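*Asks:* This is the structure I have questions about; it appears just below.
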Amino acid sequence: MTLRLAILGFGTVGQGFVEILLRKREFLAREFGAVFSVVAIADLAKGSLYHPDGLDLGAVLNALKTTGDLSHYPDVPGLVRGLDSLATIRTTTADTIIEATFTNVEDGQPGLDHCREALTLGKNVVTTNKGPIALKLQELQSLAHQSGVRILYEGTVMSGTPVIRLAATALAGNRIEGVRGILNGTSNYILTRMQEGSTFRDALAEAQKLGYAEADPTNDVDGYDAQYKVMILAQALFGAEILRQDVACTGIRSITREAVQEALREGGRYKLVASLERTVDGLRGRVQPEILPEEDPLAGISGATNALTFRGDLSGSVTVVGAGAGRVETGYALLADCLSLIRGQI
Ligand code: HSE
């Protein structure tokens, strides 16, 4: 089966995805009968390309390497340049939109309109963009249902480490009573480095340099990135839409190196814990720093690694540990969702 893709947003994640498609082309065709034709790429800063017969991905990456944008892609017959994101959704032959534009934690735009438009026009959406999913997943799923297409978003939480699909497949049949996790790599990196003697400021600068932090790191250190992931998990795992103001959120900004080290001397580890619990009053979501005892499965998660513990009524506690960000890891989440589209699986 062939998927005809348009990629919106060609930053680290979009590029990581294209690199994977190039590297794995033969393997994907042989193992899954999956052929990926990227017919369009649109990026506000790098420009846009559309060719109904598919773009040459090697030439795309070469153009990017040469000038940092898409202007040096060869002018082959039939190539169209300059379509914006909405025109790319509306006028190209893509059947699946890869929405990888930046996360906006206020109103989800422009990603939200991209998703709405694509689904209304009967195109699948695969996204790593947390904004539209945290705010409007149920609306988007209902649009997808009306149009007979799908919206998949594994990469919005823990990048390519499968948590959403795991709950829907391998953990099916359980009643999930609650989840607790480390869902923001930047804050966990900072807390780990403070445990090792670094200051908050130095550790944050390192996390930015290593590419873990959001464009505005306030979203990481004040807990908003984890808060959005809690909103996504509420819908994905519990079928419940919760509002941002209903997820109590405290970040790590006020935690000092001294406090982290004192906790360590007493056998505890400071972690920014994101959680969802079923209570008699409904689902309760929360993001807050906690001092965890050494034996807690989340206590030993260090650096930018993420983890999520599911508490199922039948499975008991199951903890998944893995990457929460990264070029290849998040690009892989897009691939896993595309394969699920091709194979007609969850
Ligand atoms: N800034 C995020 C983090 C990236 O640090 O976890 C992945 O959402």
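*Asks:* Over every pair of different alpha-carbon atoms in region 68-174, take the mean of 1/r and invert it; report that Kirkwood radius in Å.
*Replies:* One decimal place: 15.2 Å for the Kirkwood radius.
*Asks:* Compute the Cα gyration tensor for region 293-346, then decide on rounded, prolate or oblate, letting a ≥ b ≥ c be the square roots of its eigenvalues: rounded whenever a/c is under 1.5, prolate when a/b is larger than b/c in the other cases, and oblate in all that remain.
*Replies:* Because a/c hits 1.5 or more and a/b fails to exceed b/c, region 293-346 counts as oblate.
*Asks:* Then there is this: With r as the distance between the Cβ atoms of Met1 and Ser302 and R0 = 35 Å, compute the FRET efficiency 1/(1 + (r/R0)^6) and round to 0.05.
*Replies:* With a Förster radius of 35 Å, E is 0.30.
*Asks:* So how strong a dipole does the chain carry about its Cα centre when Lys and Arg Cβ are +1 and Asp and Glu Cβ are -1, to the nearest 20 debye?
*Replies:* 540 debye
*Asks:* Once you charge only the Cβ atoms, +1 for Lys and Arg and -1 for Asp and Glu, what is the size of the charge dipole of region 162-263 about its Cα centre, to the nearest 20 debye?
*Replies:* So the dipole magnitude of region 162-263 works out to roughly 260 debye.
*Asks:* As a test of the formula, what do you get for the chain when each DSSP H run with n ≥ 4 contributes -39,500 (n - 2.57) and the sum is divided by the residue count, at 222 nm and rounded to the nearest 500 deg cm²/dmol?
*Replies:* Computed ellipticity for the chain at 222 nm equals -12000 deg cm²/dmol.
*Asks:* Give me the net charge for the shell around Thr279: Cβ to Cβ below 15 angstrom, other residues only, Lys and Arg +1, Asp and Glu -1.
*Replies:* +2
*Asks:* Here's a follow-up. Read phi for every residue in region 92-104 and hand back ³J(HN,Hα) as whole Hz from Karplus 6.51 cos²θ - 1.76 cosθ + 1.60, θ = phi - 60°, with x for Gly and Pro.
*Replies:* Rounded to whole hertz, the list is 8, 8, 4, 9, 9, 9, 8, 9, 10, 7, 5, 7, 10.
*Asks:* Shape call for region 125-274 from the C-alpha gyration tensor, a ≥ b ≥ c root eigenvalues: rounded (a/c under 1.5), prolate (a/b greater than b/c) or oblate? Walk me through the numbers on the way to the answer.
*Replies:* Numbers: a/c = 2.43, a/b = 1.92, b/c = 1.27.
Because a/c hits 1.5 or more and a/b exceeds b/c, region 125-274 counts as prolate.
*Asks:* Could you pull the Cα extents of region 252-346 along its three principal axes, largest to smallest, in whole Å?
*Replies:* Rounded to whole Å, the extents work out to 52, 39, 23 Å.
*Asks:* Still on this structure, I have one more. Describe numerically, in nm with one decimal, the distance between label points set 7 Å from Cα along Cα→Cβ at Arg253 and at Glu26.
*Replies:* Placing both labels 7 Å along Cα→Cβ, they lie 5.3 nm apart.
*Asks:* Further question on the same structure: Could you check what % of the DSSP bridge pairs in region 1-142 are antiparallel, to the nearest 5?
*Replies:* Values: 6 of 21 bridges.
Around 30 percent of the beta bridges assigned by DSSP in region 1-142 are antiparallel ones.
*Asks:* Here's another thing I want to ask about it. Among the listed pairs Lys24/Lys136; Lys46/Lys209; Lys65/Lys229; Lys130/Lys271, give every one whose C-alpha distance is greater than 27 Å.
*Replies:* Check vs 27 Å cut-off fails for Lys24/Lys136; Lys65/Lys229.
*Asks:* Amide H neighbours of Glu177 under 5 Å, at least 5 residues apart or on other chains, H built in the peptide plane: list them.
*Replies:* Long-range HN contacts for Glu177: Arg311, Gly312, Asp313.
*Asks:* By the gyration tensor of its Cα atoms, with a ≥ b ≥ c the square roots of the eigenvalues, what is the shape of region 1-103: rounded for a/c under 1.5, prolate for a/b over b/c, or oblate?
*Replies:* rounded
*Asks:* Can you tell me the relative contact order of region 129-207? Whole percent, Cα pairs under 8 Å, sequence separation 6 or more.
*Replies:* 17 percent
*Asks:* Another question, if that's okay. Once region 199-289 is represented by equal point scatterers at the alpha-carbon sites, with solvent omitted, what log10 I(q)/I(0) does the Debye formula produce at q = 0.17, 0.24 Å⁻¹?
*Replies:* -0.80, -1.15
*Asks:* Can you tell me the Rg and the Dmax, both Å, for the Cα atoms in region 1-58?
*Replies:* 11.5, 36
*Asks:* Let me ask something else. Could you let me know the centre-to-centre spacing of region 65-102 and region 156-222, using Cα atoms, in angstrom?
*Replies:* Cα centroid of region 65-102 versus Cα centroid of region 156-222: 31 Å apart.
*Asks:* Cα convex hull of the chain: mean projected area in nm², to one decimal? Let's see the in-between values first.
*Replies:* Values: hull surface 71.0 nm².
Convex hull of Cα atoms, orientation-averaged projection: 17.8 nm².
Since every read-out is calculated from the coordinates, none of them should be taken as a lab result. Since the structure is predicted, the reported quantities are computational estimates derived from the model, not experimental observations. When we count neighbours, we look across all protein chains shown, and the Cβ atoms used for this are built from the backbone with ideal geometry, even at glycine.
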